[in-house]
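Beneath this line is the structure, given in structure tokens, with notes to follow.
Where a number appears in this text, it was derived from the coordinates with a stated rule and is not lab data. None of these values were measured; they are calculated from a predicted model. All Cβ positions, even for glycine, are placed from backbone atoms using ideal geometry, and neighbour counts span all protein chains on display.
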Amino acid sequence: MNSDQRRGLIVGVGTEHGDDAFGLLVARHLASRTFDGVDVITHSGEGASLMEAWQGYDCAVIVDAAQSGAPIGTRYRFDTSVDRVPTKTLRYSTHAFGVAEAIETARALNRLPRRVIVIGVEGGSFHPGASIDSRLELLVRDVAAEAIVEATRH
Amino acid sequence: MSSRTIKVEALARVEGEGGIQVKVKAGKVENVKVVIFEPPRFFEAFLRGRRYDEAPDITARICGICPVAYQMSSCHAMEAICGTTVDGQLRELRRLLYCGEWIESHALHVYMLHAPDFLGYEDAIQLAGDYPEIVKKALELKKIGNDLMALVGGREIHPINVRVGGFYRAPAKVELAAMLDKLKWARDVSIETTRFVSGFNFPAFEYDYEFVSLRHPSEYPLCEGRLVSNRGLDIDLSEYESQFAEEHVEHSNALHSVHVERGTYFVGPLARYNLNFDRLPASAQQIAREVKLELPCRNPFRSIIVRSVELVFACEEAIRIIEAYDPPPRSFVAVTPREGAGRGCTEAPRGILYHRYKIDHDGIIQDARIVPPTAQNLRTIEQDLARYVEANQSLGQDDLTWQCEQAVRNYDPCISCATHALKVSIDRG
């Protein structure tokens, strides 16, 4: 890690549309506390700006809602050093140029942080105006803790 | 008797979910379906009962790629109802914000969604592996569009600084000036882009479409103008619904917009370019001539060149506005609601976006109608697919399916937000 490189970034990806807000809730939960060497942001998941956001970090942890047809609350973990992130699982990834595309494009351009971990949680409803499923709300604290562990791991 | 089916299904998110199906029997196309489910239609119902000044923020949520278009069309419609005129620097700021959206949207489509088709790649990720410098420039170009949207609109996705009557906050001159060097770089890259994409191999495919776009007395169209076409249409927005109608088709939840007498029509960059070439800045006209982009251009596969020319325009326009910017004394014009109906129509990156609202004397929305560009191009896309498949029967199934997807992407419909993740299945009957 370069001396000017920051250590960890946690990115809560999503919108306010139903279960798509899961990543945002995780980031908001963490934002009220301070973790040494770790920054926490919310993000729309738009790929080009996401690639910009993680520049300079040694590790990025992306938390996003998933939509693969699995039961609501199913959790996924992708370590991009060993996994390709499936483009059809993450919620934003079907939208032109999202999280998975950003990760794989950054990999091709050698612009990926040393460690990128993607934590996905399966959602059900993503309609505008819908509330997040209560089963997902119960997972926010747990996933937030997992994100912190990942972001501070050397 | 040979038959074949070309089928593309399972588009997700964005304006709608969709797919395509083309059935061919004995060399003749029997059936073409572009199937789209269009969630934004629900927005027309959401809007009823909401305040008139909520429309820009609510409708911006319809699309993550072109939220400014929805904000601008709704603002213009509400201002038309309320008798409000937004001019001077506030009007210029709106055009500047729109330039940001055109830059980010066109950069995304040209490089990340459309160029891989011509270069034989599955997606932009593969393209990045072989052409890293090009993809880096594309991402930087897109980022400049995003930065402009964030600066004027408050954030890059679903801007929050737009209000009926203007903006919540007008940027300082020094803030905008900081974008100038970036935009000049973006203009030069856009010119390079035009040269680059004009070297692609384009299928020989032309049709005498009816092109429809806005036309302004002096500007390349963004927010205002009359609706014109190459078939003699020249109308005020108030006549839109007497000229165009939406039809329901059995195979799709999306409505198809047609001209009431002439049927299909074509909106978007090709239409704007063909009907407004004389309104482009000199540098955009020059590069179009240099790369021998014909006028009119009737080959939708060559829309990638037109989008690149429009990138040059958007950068030039943004530079012009910033260089002349004099911050307005107030960031908005006061608006007092009054009962009535009004329309707004602006040029989203992918074509005209029509809004019509009716509000009561308290400013509560009684009725809303939104016609996105994708709905206006759907039937033309279907006709393109039919013609293309019929004329290219000798192609193998994989090539033909690939080119059918490409034919859809020519229009940069919002469904193209997912076209590089399409599931494709082919059934040779």
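Collect residues whose amide H, placed 1.01 Å from N in the peptide plane, falls under 5 Å from the amide H of A:ARG7; neighbours closer than 5 in sequence don't count.
So A:ARG7 has HN proximity to A:ASP58.
Looking at A:GLY14, A:PRO113, A:ALA31, which one has the Cα that reaches farthest to the positive end of the dipole of the range A:6-152 (charges on Cβ: Lys, Arg +1; Asp, Glu -1)?
Result: A:PRO113, furthest along the dipole toward the positive end.
Lys and Arg at +1, Asp and Glu at -1: add these up for the other residues within a Cβ distance under 15 Å of B:ASP236 and post the number. Present the calculation step by step, with values, prior to reporting the outcome.
Working: positive: B:ARG215, B:ARG226, B:ARG343, B:ARG356; negative: B:GLU224, B:ASP234, B:GLU239, B:GLU241.
For residues surrounding B:ASP236, the net value is 0.
B:VAL249 to B:GLN126: FRET efficiency via 1/(1 + (r/R0)^6), r the Cβ-Cβ distance, R0 30 Å, to the nearest 0.05? Mind dumping the intermediate values first?
Values: r = 35 Å, r/R0 = 1.18.
Working from the Cβ atoms, E equals 0.25.
Taking 0.36 nm per residue of separation and subtracting the Cα-Cα distance, what length does fully extending B:GLU241 through B:GLU390 add?
Computed gain between B:GLU241 and B:GLU390 is 50.3 nm.
Tell me, what is the FRET efficiency for B:ARG298 and B:PHE200 to the nearest 0.05, using R0 = 25 angstrom and their Cβ-Cβ distance as r? Please report the intermediate quantities before stating the final value.
Numbers: r = 17 Å, r/R0 = 0.68.
Approximately 0.90, to the nearest 0.05.
Sort A:THR105, B:THR380 so the one with the fewest other Cβ atoms within 10 Å of its own Cβ comes first. All intermediate terms of the calculation are to be shown ahead of the outcome.
Numbers: A:THR105 28, B:THR380 25.
Result, fewest neighbours first: B:THR380, A:THR105.
For the range A:17-22, what does the Karplus curve 6.51 cos²θ - 1.76 cosθ + 1.60, with θ = phi - 60°, yield as ³J(HN,Hα) per residue in whole Hz, taken in order and with x for Gly and Pro?
Whole-Hz 3J(HN,Hα) from phi for the range A:17-22: 7, x, 5, 5, 7, 4.
Rounded, prolate or oblate for the protein assembly as shown? Axes are the square roots of the Cα gyration tensor eigenvalues, ordered a ≥ b ≥ c, and the cut-off for rounded is a/c under 1.5. Walk me through the numbers before you get to the answer.
Values: a/c = 1.37, a/b = 1.13, b/c = 1.21.
Judged from the Cα gyration tensor, the protein assembly as shown comes out rounded (a/c under 1.5).
Which of the aspartates and glutamates could a cross-linker span from B:LYS292 if the Cα-Cα distance has to be under 18 Å and same-chain partners fewer than 8 positions apart are dropped?
The reachable aspartates and glutamates, counting only those whose Cα sits under 18 Å from B:LYS292, are B:GLU192, B:GLU206, B:ASP278, B:GLU310.
Once you've got the GNM for chain B with C-alpha springs shorter than 10 Å, pick whichever of B:ALA314, B:ALA282, B:ALA271 has the biggest mean-square fluctuation.
Judging by the Gaussian network model, the answer is B:ALA282.
What ranking of B:HIS361, A:HIS17, A:HIS43 emerges when the number of other C-beta atoms within 10 Å of each C-beta is taken as an exposure proxy, fewest first?
On the way: B:HIS361 9, A:HIS17 19, A:HIS43 23.
In order of increasing Cβ crowding within 10 Å: B:HIS361, A:HIS17, A:HIS43.
Using the charge dipole of the range B:3-427 (Lys, Arg: +1 at Cβ; Asp, Glu: -1 at Cβ; taken about the Cα centre), state which of B:GLN406, B:ASN274, B:ILE157 has its Cα farthest towards the positive end.
The listed residue farthest towards the positive side: B:ILE157.
Taking the Cα-to-Cβ direction at A:ALA145 and at B:LYS184 and moving 7 Å from each Cα, how far apart do the two end points lie in nm?
With each label placed 7 Å out from Cα toward Cβ, I get 5.6 nm.
7 Å from Cα along Cα→Cβ at both B:ARG320 and B:ASP360: what's the point-to-point distance in nm?
It works out to 4.4 nm between the two label points.
Where in chain B lies the longest segment free of GluC sites (Glu not before Pro) that are both loop residues by DSSP (not H, G, I, E, B) and have at most 16 other Cβ atoms within 10 Å? List each step's numbers first, then the result.
Numbers: sites that count: B:GLU122, B:GLU206, B:GLU219, B:GLU250, B:GLU261, B:GLU294, B:GLU339.
Free of exposed loop sites, the longest segment is B:1-121.
Can you list residues from other chains, or at least 5 along the same chain, whose modelled amide H is less than 5 Å from the amide H of B:ARG163?
It is B:TYR168, by chain and number.
Given Cα pairs under 8 Å that are at least 6 residues apart, what percent is the relative contact order of chain B? Before the final figure, lay out the partial values.
Values: 868 pairs, mean separation 115.3, N = 429.
Relative contact order of chain B: 27 percent.
Helix by helix, which DSSP H runs in chain B go 15 Å or more along their axis at the Cα atoms and have an average Kyte-Doolittle hydropathy of 0.0 or more?
B:67-82, B:132-153, B:303-323
Each label point is 7 Å from the Cα along the Cα-to-Cβ direction; what then is the distance between the points at B:ALA334 and A:ARG75, in nm?
Modelled inter-label distance: 5.6 nm.
Among DSSP beta bridges whose residues both lie in the protein assembly as shown, state the antiparallel percentage, nearest 5. Before the final figure, lay out the partial values.
Numbers: 57 of 78 bridges.
If I count the DSSP bridges inside the protein assembly as shown, around 75 percent turn out antiparallel.
Using Cβ counts within 10 Å as a stand-in for footprinting exposure, how do B:ASP208, B:ASP117, B:ASP360, B:ASP123 rank, fewest first? Don't skip to the end; give the middle numbers.
Details: B:ASP208 9, B:ASP117 22, B:ASP360 13, B:ASP123 19.
Ranking B:ASP208, B:ASP117, B:ASP360, B:ASP123 by Cβ neighbours within 10 Å, fewest first, gives B:ASP208, B:ASP360, B:ASP123, B:ASP117.
Suppose the chain between B:ASP399 and B:ARG289 were pulled fully straight at 0.36 nm per residue; how much longer would it get relative to their current alpha carbon spacing?
36.5 nm
Exposed loop sites here are trypsin sites (Lys or Arg not before Pro) in DSSP loop states with at most 14 other C-beta atoms within 10 Å. What is the longest stretch of chain A lacking them?
Values: sites that count: A:ARG33, A:ARG84, A:ARG114, A:ARG153.
Here the longest run is A:34-83.
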